[in-house]
Structure formats: structure tokens, C-alpha cells
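Only the coordinates and a few stated rules stand behind these numbers; no lab work does. Everything numeric here is computed off the predicted structure, so don't read it as measured data. Positions of Cβ are generated from backbone atoms using ideal geometry, with glycine treated the same way; all protein chains shown enter the neighbour counts.
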Amino acid sequence: METKTKKNVVCFMCAECGQGAANTAGVARMQYDTSIKIIRVKCAGQVGPIQIMDAYKNGADSVAVIGCCFGACHFFNGNLVSLRRVKLLKKFIKEMGYSELILNQYTARAAEGETAVGDFEDILEKLKQAIENKGVLKQ
Amino acid sequence: MVEKEKDKKNNPKSNERIGVFVCHCGHNIADVVDVKAVAEYAKTLPNVEFSTDNMFMCSKQGIELIKNAVKEYNLTRTVVASCSKTQHGPTFARAISEVGLNKHLHQQVNIREHDSWVHQKDHVEATEKAKQLVKAGVNRARTLEEVRTQKIQITKAVLVIGGGIAGLRAARDTADSGIPVYLVERESSIGGHMTQLNKTFPTNECPQCSISPLTNAVATHENVTLFTNSIVSSVDGSIGNFTVTITTKPRYVKSNCTSCGECASVCPVELPAEWDSGMGIRKAIYKLYPQAIPSTFVVDRKNCIDCGRCVETCPVNAIDFSLKKSKTKIKVGSIIVATGYEEYDPSEIEAYHYKIPGYENIITQLQFERMMGPTSLTGGQLLRPSDGRIPKNVVIIQCVGSRNELVGNEYCTGVCCMFAIKNAGIIKDTYPDSNVYICYIDIRTPGLYYEEYYKACQKKGVLFIRGRPSEIEADPENDCLKVYVEDTFMAEPMELHADLVILSAAMVAPKGVGLLGSRLQLLRGKEGFIKEFHIKMDPTRSSRDGIFIAGAIQGPKDITQSVAQGSAAAVGAVSSLVKGYIEKEMIIAKIDYDLCTKCRACITACSPSAILWENGKPVVNEVGCKGCGICMPACPTHAIQVINYREEQLRDEIEAVAHPILEKGV
Amino acid sequence: MKIGIFQLNGCTKCRNEIINLIGNPELIVRNVKDYEEETDVKLIWCTDEYNLPSSIDIAIFSGYATSENLHCLQEIRKIANQVFTFGSCATDGGIFGLAYQKGIEIFPISKIISVDQEIRGCLASGDHLLALLKDYNQFQSEKLCEKCPRESTCSFLEEIVHQIDLQELDEKQCFNDVGYTCSGYIANNCQERCIDFGTPCRGCNPFIDDSSIRMLGMMGTLMGQMDVATEASSKGATDKLADEEDEISSAYSDVVGTFFRFTLANSPIPPGKIPSSGNIIADIMVGRPIEELPLITGMMGGKSFISMTIDILDAYEKGIKLELDNELKTIREQLLELEKKYKLACENMDPNLYAESTENIRKLAGNMNLSNLYFGGMKIKLDSFKNFDNFRAHPIPIQEGTYTSSSKNVTFTLDSRGIITNWESKNYEL
């Protein structure tokens, strides 16, 4: 049986709005690609560069951190704190000559599944661009 | 099997016995995911001693299945692959706790919302993904730690900071529920800004009449201890048990004062009254306003000339200059912060010349309210401060200090439109000959009866000009002020001749809030107001457990909203106290001091301020910690870790999830 | 007991540091595997194309490995009872690992063969090695940050300050509180202590894994307080974030060089895709800001570390027309003389001359990384300076252009942000 690997995206989604939106999307049977895989974390602020690099190391093509809307973090400002780290790590990836489109941060709203699905579609679109520009980490 | 051996090598020490249960959820999962294949796959994973599938794991029969398997196979961890953690995670956790396992040793894997429901057309890939998620769940379960639930005894008492309308409402509602309340007010009397107002919109009611039943009730309530002339000088502890120090400035008048006022009548010192926003005069011995509660007089020692006439005059010998500053230590379970707002000082906007000599006829809305009040110097008449003449032309300027990036306040205060409409109407009612102009950017009147009130004001003949005045210039020749404004509807520059200008100054955070905020360790927004925990869902909770916020300290509000938030904060403060204890699952941060470099980054990062610097090292306050984990990436040496969200534990899960899944076989 | 010392690629400063151990009466080995009793030591300098002895007890590696060394390393592992890495290059890829950004494959030894003991540091400490050999089990290190005289408050960062803006620091003030990025939090005690010479730590000697990524996480967290403008994405589904640069994160003009200076080759990311120029020194330098150059060459310049650093200082000073104080000129000349002595000591394996030359270098330049040297002056007053106020280092401007040293040994080009875009240098003896 011939097999080939496909795109592979790891999304860290916070236990509040992130998981909420993904669950709402599920309840509404919104469809998205199977390459999207979700890891539940307590807050976007918990996801550090270590976790993001771990995901790349283990085979992720693209990583996203998804938290609550700004000003609406359930742990106060975890999403904002996370954003700066993501920006800094994006800069690192860019400086290494790879595409910064393989790392993203988004917000989601628990009551609106389409926010999560929209995020996923955006991630895949950006990943497609990154692959076209030969900017993904895997050769 | 090769994989199993490899993984075992990676986890040589684990002796855990894991049970995996894969749910069909009727058709919901099984129609898309091959649940039997997933359950079979789970058997190949290291440490998995038992694996099965079931139609409905959440049914009574499913729960029994888990319980029996735990007993029969001596399982130490359970993994259920079904719906979301929020939906049935607690159900399964309870099940294992009934057969003797700590409920945190259950790991929930979501293969419904995150898999079968969202990949309905792709059975093969959905099954592969489910296998991967189960593998991640098993990895995660392997290293789960027991988490204890701690019962924390709490103090049944509430501290309310601020005796304005929001604080009074909160104090009254808390006290009515039988819980002791300590109410701290910085001024010598309670009541706050509302007592300064002349009328309230949209009914033009007398505010004193509305508020005095509440002030009286609070002051005489058996459950309320009132601290006026006092501030909160230190706060220690965390939810359920705060130790608070209250510093009380001496009044120099004992409580046997009968409020007869003889002392004030003989006092030779005359000063502009702060409560009257400078529109009235008080003595060095005074009370804020006639209906002030407590009605005991207070001596302004800074301006007192020690003539001693009041001491001689007082019929009950209540005046005593030997009184000293006192400190009171109290214990409370919750704190409500309701310190209100301050009126923006428009002198920052140079073009308006507020408070500049020659521009005495520019006043703020609060000054207007005080001038129109029945007890004012003018006897409730609108008179120009410069010459005491009744003004013919009055210009009201909106958005002074709000919606203005130049002064740093981008927000809309929200109440000044109604404020201005009310006062314009009152001027027109009292002086029908006068011309009243309101220069505005947008008129905002959301809410029941507000738009109607606006319409009524327009009918009275108040003129609305859409434009923000660029400058106010004195015109000594015509003895008036020239207001330059562009009418943006007509695109026409205008020059209004005003006998009196009223500035609708913004509501801003009070000056002392920074200091208080640091004492309470609360986070504030860039505007200076104390930030709510969640803008929609938790507007009365602060960033710290056990501390609630009410009224304009959270952001500009009108009386209705402040009162409502006061009540809501009271419920929040009381609800955690009525039981007498709180139960907390100790999913909290732990510090490994061998790695810690004492850099304090975790203290900076911790938004609920649950990490303190004690004896030369950071210490996690176990009661205050919310386990959010923001401190984890902040730590440069991974010394601080949240239980069950430790770096290694997350890594186990990431390892399984980050592998690509196989595409359909060709 | 036989200890084999192997020099791989890159600079030789760490290997030279071992010269200190020659004839050192304290060099006795205890508590190393199979040697629980005190044992005499024989140092074997394996320089000659790895003409390997039949067996050795401890193999000490300095320098980074390339794919050409694969076979050789595996052979050495076979005959060696224990393998130590000595220095940042051997352990993490070191400064040469920065060429990894340009796709050059640089291997820390541990990526090829198993390593028993890692001694980090750039320059690695000979005393550290000696202490370790003297008693393998008892050796303990202490954290740099805990012993730092500066007091950290670690509050949220207001701004990022660069070395070139050289701010007057209080003796007690933490670099990070001012806005410099200092990696001292993750550092072990080190011999060179750049922090004592006005130079923030770049973390050559971390005591934890993935130190660079963790520092990045920490700094990112401390930059946490900001306002974010959000806008709906094209799908109207979410807020658009993290794409545009903001003030603080753009202030880090060189994330790689700031956080990953010593550990890039050991990081989880695959080799970078920035085009290589073919010259490894150029690959290290391109992309770095001008203010970091003297600090880099002071560390990786091998036997020419002083002349290389002074060439860079001279090139830029000349380019921006900076007048130098006479005493400073004399100090630099003395340093160049000392470099010759240092070279001689290394070639002759003369521990006495080595000790004498390094001691004198420290007296003038602060430490063996030349941390005190800077454009137009010195950072910190040392006892050996007479009129320090005349050549106290000041902030210098960033000027776009091409700069060549008087010796014509170094030519580099700066862009408007002060980042090196082109580098040419003659072959310095490393």
C-alpha cells in the first residue's frame, strides 16, 4: 500500500474560547481538513516557544496558537502575552530563512464555530503559500 | 509492536496501568470513525492494559463499564475517547473517583467535536486521526498526577471600598444577606458624586431624595461598620482570607456631635468648598453637605488657625484637637472596590483656557450642578461667576477630555450626552429667554427613555451644533466668550458668543486608584480604570480571585449601571462566603528551587498576582493561583510548572499529535 | 590515566586553555568511572591527523564538528572510556553554529556520538575542567544570576536598548531592567564574566537544555504589555494578528544572534536557508548588528582574537571619523603585542608564558573575551588605566557604508539599521 504524508498542523487552543469555538464548530458539523489537530491547553499564555518548537521537531508543518479575543482572555491577558512571544519566534523563523507563515496566532469566539474554522482555513492557506515559497521546515 | 517497544524504552519507569474506552456516541462517532479499530490500536500502546469500545460511554452502563474495568484490571489511569472535556469529562472523572482513583487521573480525548463531526466525509483519515488523538491521550494519561482538593476556611465578612452609589448598594445588599460589611470612605461622609447632582436624567428627579434612604439604611445597618475619613493602607492574603489595614484620619470632633452647626457659624476661616466644586464656601470646621451622613462635623486642620472659638462654642464639648490618626486591622473574605470616578480637569486642554484668569465664565458640568443645587451660594440660580449676571447665551461643549487622543482618552464617557441634554433643558426651563447651544461630535442616547428625553430637549429649543470647538477666546469688549466651532453639517465655521460655557468633562479614573490598585495587586487598563476579569461574562470580578469591582472604577457608567453592578458585585462577594469555606482543586504552579534563578519574571507575568517575593525567593500563593500557566514560558529555567500541564506532560502529548497522519491508501 | 585532547574545527582558544593544566600539580583524577582512587594524569595532545592511541580514558573535544569528522569521532568514541566536550563549540556548536543560519551543517559532538560530560562556555573554563577532573562527583556550579551584583526586578520591558546606545549603568542596575537583553538568567558561573565589564551575558554557559528558546520565551513574556489593533480577516472569522511588526519586537534586529549565539546548531530548527557566502567567518558575521561584532570576534577569534577585534574597531572608528585617545591607542598596541606572546605560548605549549600573557590581556581588556573593548573607548575603568575619563566608551552613531581596517584585513558593509550585509576578511589564524 502506497502512502504519502500530508500537511500537518498543530493548533494549541485554550480551554476557554479556543476549545469552545472548536466544539461549537463540531456541533454545527462544519467541515475542515483532517490535517488540523488540536491540543488543549489551559490558556494561550501557557504556550511558549518550547511547546511550539516541540511541535515542529515532531513533524508539524505549521503551528498556531488560538486564544480568546483580546480583552477577553479568561485568565486576564494570556493571549496578549503569548502574542509577543509568537511575534518574536516568527522573527526567528524568518531570520533562519523560512517562511513566517508557518506560525500564527489567532483568536476565536466560543459561540461562533466559524471563527475556529476560519482560523483553520487561514492556517492552511498560509501553509500552502509557505510550501510554494519553500519556506517550510521540512525539506 | 515495534512502536510499543520503542515507546516503552522512552518511558522505562512508567508502571501505570491505563484503560482506554472508545465511545460510539450512537452514530455520532461510529458512523465516521472505525471505533473498534481505534480500540484495537489502543491495545498496542505502552501501558494500556485494557481497551474497549462502547455504544454510549456516558450511559449508566458505560459508567459501570469504567468502574468495573478499573477494579478488575487494577487500572491507575483512564482515557475516554468521546466528546469534549467540558461535556462529559466531569462525568467520567466522577466515575473513577467513586472507585477510589483521584479524579484528575482521568484523561478525556475528544474524537467527536474535534474529529467525527468535522471530518464526516473522510472515514479513513478520521479514524487515523482518532488513533493519534487516543495515543496522545494515553501519553498524557501516563504522567498525570493526583491533584488534591483543598478546603479553605474563609472569613465571613466583606470590605467595600468607596461609599458612592455603587459601594452603598453593594454594602446594603451584602449586609442584608447577613454578612458583616466594612465600608471605607475617603471623604468625611458617604454618598459620593450622586449627592452633588442637582437633578438626574431621564426623570429630573432629586438625587438627594433617591439616595438618602440608601445612605441612611447603610449607616444604621446592624451589619455595617462605617469607616469615613479613611483609606485602605494595606491588603494581605488571598480569597477567603484577606487581612486589611484601614487608616482613619481624625475628625477632631467626637461622635457626640449633634450637628447643630454652632461651631461653623463662629469659625472665622472661609474656604471654597470642594464638595461644591468651588461653587460654595465652607469653614475650617464643616460637614460636606447639610444631609451628610455621618453628620458629625470635621475639622480641616490644615486650614484651621487654632483660634479655639469652636471649642468654646460647642454646647456638647465634642471638639477635641488631641484626637490621633488610628489604624484598624480587619479580616474579610471578599473585597468590593467601588471607588468611582473623578471629573476630568479640562485645564489640560489649553485652547479652552479653563481656570485661566479672564475666563471665569467657563465651568464644568459638576460645577453647574452645584450652582443649580438648592443649597448653593447662588440659591439655585444660574449666575455668571465673573459678575453674577444671568447668562443670555450658554454654550455646552461635549467630549472634553474624552474621545480625544491628544489627551490620551480615546473612550467615550457615555453619560455626558444625557448630562448635557438634561442641563440644557433645565436652563431652558428656568430661563426661557436664554439661548442654549450644545456642540457635540455625536449624540449618544442608548437605552429606554433616553432618546425620548433628547427629543423633548430639542423641542424646548436647545440648539445642537455638530462640531468640536477648536478654541474659546475671551472677548472683553462684548464681555463674553467667543467659541470657535465648525458646524460639520453645514461645513461652515462659526463664532458663538457665549456668556457662559459649560464643559462636559470626561469621567476619568480617580488619582488614587494607582496606589490602591497596587495595594490590592489589581491590573488596570491603560485608561487607568481597574480591569474586569472578562469584559462580557465577568464584569464585576477583578483579575484577582475574591476581589470584585463595582461602578465607575471599572469604566464610565451612569447611576443605573453603577447601582446594578453594585448589586452584582455583592452577589459575587457573598456567594463564595455563605458556605463558610471554598473548595479549590490545586492545579497550581509549583517552583523547583534547584532551577530557580530568582529572576522574578514569574512574578511579573502572573496576572492574578499569586506569586509573591518572600525571603529572597518567589513563592506561589496556593489559594490565589489559578493554574493558567502564563508563568511557565516566562521562566527562563523551566523552574515553575503547573501541575498536570508540566512541560514534559505537554511534550508527551505534542509528540503524538505532531506526527503527520497517513493519507488514504492508493 | 590518559587524557586525549582533540581539537576539531573552529577556533583554538578553548584547547589553548587546557595548556594551563600542563604540569599543574593539582591535576589528579578522582571519582571518574573506573578511577575511584587518585590517579596520575597524562595529557595526550592529539593534533597529528588523529594518529590515535590504542585506548584513552577520557577524550576531551574542543571545536565544532562537521560531516567530515563523523567517522573520526566514531573511532575515537570506540577507544575512549569517557567523552567530554570542552567549550561551547563542541557542546552546542558555539559561535560557529551561527553559520547554521546560512545552511552550513555544524554539529555539536553530542549529535554524533554520546557524550558523558559537557563543559560549556566561550571561553570554557580550565579551572572548571580541573575541578571536574579532581573530583567528578563533587563538582558543583553556581548560577550566574544569583551571584550577580546587579539586582533584577524583571518588570515589563519598556524598550529594547542596544549596546550601541551604551547607557550609563548603575553598578546595581540589572541590564534587563534598562532594556539590554542579558541571558544571565540561564547561565552557570563562568570564568570570563562579561557582565563585570559592561557587557550583557549572551548565555554561552547555560545550565539547562534549550536555553535560547527559553530566553526568547521569557523576553517575549516581558514584552507582554501592549495594545493590539485587531481587524477581521478576509473570511470575517477571526482577528488578524501577529503579522505586522510592532515597536518592541522589531527592536530585536537580530533574534538569532541575540538569543541563539552559542546554541543555534543545537536548536531543533533545521539548517537555515539564508544563502552562504562560502566563507564561514562571513557566514557568522552577516546578519549581525555592528555593535555585537567586537564581542563575537573577541570570543571566536582563536589565536588572532585581539587583532581581529581591533581591526573591526579600527575599521568602523576610521569610517565614522572617531578620534582616539592616545592612551587607548597605546593599550591597543600593547594588546597586539600580548597577542603575539599568547600565540607563542600556544605554539610552544608553554604554560608559564600562557599564564603570563593571559593575565596581562585581562588587565587591559577585562577578560579573555575582550568584553571591555568597544568602539572609541573602554566600557569599565580598570586599575591599569590612567586617564579613563578620556576614553570612556560613548554611544556611537550607526552609519550605512563600507568599512575597511587600516591593516586591510577586514572589510564589511553595513545597512541603514547597522546590520552587516557583506563581510570579507583575510584568513586569520584561529
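Key figures for this structure:
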| item | result |
| --- | --- |
| Check: the stretch C:277-430 dipole with +1 on Lys, Arg Cβ and -1 on Asp, Glu Cβ, in debye | 120 debye |
| Dipole-positive endmost among B:Thr52, C:Tyr136, C:Ile396 within the protein assembly as shown (Cβ charges, Cα centre) | B:Thr52 |
| Unit charges on C-beta of K, R, D, E only; dipole of chain B, Debye | 2300 debye |
| Residue list for the stretch B:250-278, given a label point 7 angstrom along the Cα-to-Cβ vector of B:Glu312 and an amide N cut-off under 17 Å | B:262-269 |
| Pairs of lysine residues in the stretch B:46-122 - Cα separation under 21 Å, sequence separation of 8 or more or cross-chain | 7 |
| Two-site label geometry, B:Ile281 and C:Asp170: point separation in nm, points 7 Å out along Cα→Cβ | 5.0 nm |
| Cβ-derived FRET efficiency at R0 45 Å, B:Lys590 paired with C:Leu344, nearest 0.05 | 0.25 |
| Theoretical ellipticity at 222 nm over chain A - DSSP helices of four or more residues, -39500 (n - 2.57) apiece, nearest 500 | -13500 deg cm²/dmol |
| Cross-link pairs B:Lys324/C:Lys172; A:Lys126/C:Lys273; B:Lys531/B:Lys584; A:Lys128/C:Lys111; A:Lys126/B:Lys536; B:Lys584/C:Lys143 - those with Cα-Cα distance over 30 Å | B:Lys324/C:Lys172; A:Lys128/C:Lys111; A:Lys126/B:Lys536; B:Lys584/C:Lys143 |
| Spacing of the two label points (7 Å from each Cα toward its C-beta) at C:Phe388 and B:Ser259, in nm | 7.0 nm |
| Least to most buried among B:Phe529, C:Phe207, A:Phe12 (fewest other Cβ within 10 Å first) | C:Phe207, B:Phe529, A:Phe12 |
| Dipole magnitude of the protein assembly as shown, debye to nearest 20 (Cβ charges: Lys/Arg +1, Asp/Glu -1, about Cα centre) | 3060 debye |
| Theoretical FRET efficiency, 1/(1+(r/R0)^6), r = Cβ-Cβ of C:Asp116 and C:Thr404, R0 41 Å, to 0.05 | 0.35 |
| DSSP beta bridges in the stretch B:371-526 [antiparallel fraction, %, rounded to 5] | 50 percent |
| Distance (nanometres) between label positions extended 7 Å along Cα→Cβ at B:Lys36 and C:Glu38 | 7.5 nm |
| Inter-centroid distance (Cα atoms) of the stretch B:361-394 relative to the stretch B:99-150, Å | 70 Å |
| Estimated FRET transfer efficiency (B:Thr560, B:Lys151; beta-carbon r; R0 35 Å; 0.05) | 0.35 |
| Exposure proxy order (Cβ contacts within 10 Å, fewest to most) of C:Thr85, B:Thr560 | B:Thr560, C:Thr85 |
| Antiparallel bridges, percent of DSSP beta bridges restricted to the protein assembly as shown (to nearest 5) | 50 percent |
| Antiparallel bridge percentage (DSSP; both residues within chain C; nearest 5) | 50 percent |
| The stretch C:313-430: Rg to Rh, with Rh as the Kirkwood radius over Cα pairs | 1.00 |
| Residue-span extension gain [C:Asn352 to C:Gln191] - 0.36 nm each, minus C-alpha spacing | 56.1 nm |
| Under 26 Å between alpha carbons - lysine pairs in the stretch C:298-344 that sit 8 or more apart or on different chains | 11 |
| Computed over the protein assembly as shown, Cα set: Rg, Dmax in Å | 36.3, 114 |
| Principal-axis tilt of helix C:211-222 within chain C, Cα atoms, nearest 10 degrees | 30 degrees |
| Test item: A:28-38 mean partner chain Cβ contacts at 10 Å | 6 |
| Shielding of B:79-85 by partner chains, average beta-carbon count, 10 Å | 2 |
| Gained length - B:Lys327 relative to B:Lys121, 0.36 nm times residue gap less alpha-carbon distance | 67.1 nm |
| Prolate/oblate/rounded label for the stretch B:558-599 (Cα gyration tensor, a/c 1.5) | oblate |
| Dipole of the stretch B:2-147 [Lys/Arg +1, Asp/Glu -1 at C-beta], most positive-end residue of B:Ile63, B:Thr76, B:His27 | B:Thr76 |
| Linear extension gain, C:Ser67 paired with C:Phe139, 0.36 nm per residue minus alpha-carbon span | 22.6 nm |
| Kirkwood Rh, angstrom, the stretch B:342-508 [1 / mean 1/r, Cα pairs] | 16.0 Å |
| CD proxy at 222 nm, helix term only [per DSSP H run n ≥ 4: -39500 (n - 2.57); per residue of chain B; nearest 500] | -8000 deg cm²/dmol |
| Under the Debye formula (equal points on every Cα, no solvent term), log10 I(q)/I(0) of chain C at q = 0.07, 0.10, 0.11 Å⁻¹ | -0.35, -0.71, -0.86 |
| Mean-position separation - Cα centroids, the stretch B:232-287 and the stretch B:151-222, in angstrom | 17 Å |
| Given charges at Cβ of Lys, Arg, Asp, Glu: the protein assembly as shown dipole, positive-most of B:Cys267, A:Ile102, B:Thr247 | B:Thr247 |
| Packing-based exposure ordering (other Cβ within 10 Å, fewest first) of B:Trp613, B:Trp275 | B:Trp613, B:Trp275 |
